[in-house]
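The values are calculated or read from the model by the stated rules, or taken from the named source; none is laboratory data. The shown structure was predicted, so the numbers you read here are calculated from the model rather than taken from an experiment. Because the Cβ atoms are built from the backbone with ideal geometry, glycine has one as well, and the counts that use them run over all protein chains shown.
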Amino acid sequence: MRRILLLAVISLFVLTSCNGQTAPTQAVLPTTIPDTPTTEAAQQQATPVIEITIPPVGQLIGAATEDPEAGLVFDTIVFTQARGSNPPDLTIELHSDGTLIRNGHTSTVSADQVTAIDTMLDQLNFFGIQGIFEAAAINPDDYVYSITVDRAGSSRTIDAQDTYTPEELKNLFAAIIALGVPGQSG
């Protein structure tokens, strides 16, 4: 059916590109076009239609399948926060062993804090969530975030802006920002 339509389009193009003159050769179009493939082989060759749902900006769509590595602890998390398009004013690197590097200063967080962050990642299905969390233009008053999680050889980065960050991600960001702050227990 596609070939027939393609031939019809090509014939029409050839006819109209000759400035109203008859084309040197004309294609003969069939008088009937089958509605659907009739053989099993033709049905298998049909291109499947895949519908993609894009969520509104700032909303999460969970993954269609469960994360097969959800029980594994992350290897590293690198988180940055900046105001508008300025350089990051906060950089946090968290390792699964509890090593925390906050703006170049190294400390250690408890295993409970590492587990809490890891649990949040699993609950979000971080490696499978979908969404658009930033706009093309950056509002200079908004915070801009970037989080990269490495786990078992996989890596995923999500970039977000305040205005477009869903509550679930804001909670994760707030928990990471609280790490290593005096008086905060995460």
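Selection over region 119-151 of residues that are modelled with pLDDT under 90 and not in a loop (DSSP other than H, G, I, E, B) gives a count of 1. The strands (runs of 3 or more DSSP E) found entirely in region 69-117 that carry 2 or more residues being among the polar types (S, T, N, Q) and surrounded by 13 or more Cβ atoms within 10 Å (Cβ to Cβ) are 76-83. Residues in region 176-186 that are modelled with pLDDT of 95 or more and surrounded by 17 or more Cβ atoms within 10 Å (Cβ to Cβ): Ile176, Ile177, Leu179. The set of residues from region 129-169 being within 16 Å of Ile77 (Cβ to Cβ) and free of Cβ contacts under 8 Å to residues at least 60 places away in the same chain comprises Gly153, Ser155, Arg156, Thr157, Ile158, Asp159, Ala160.
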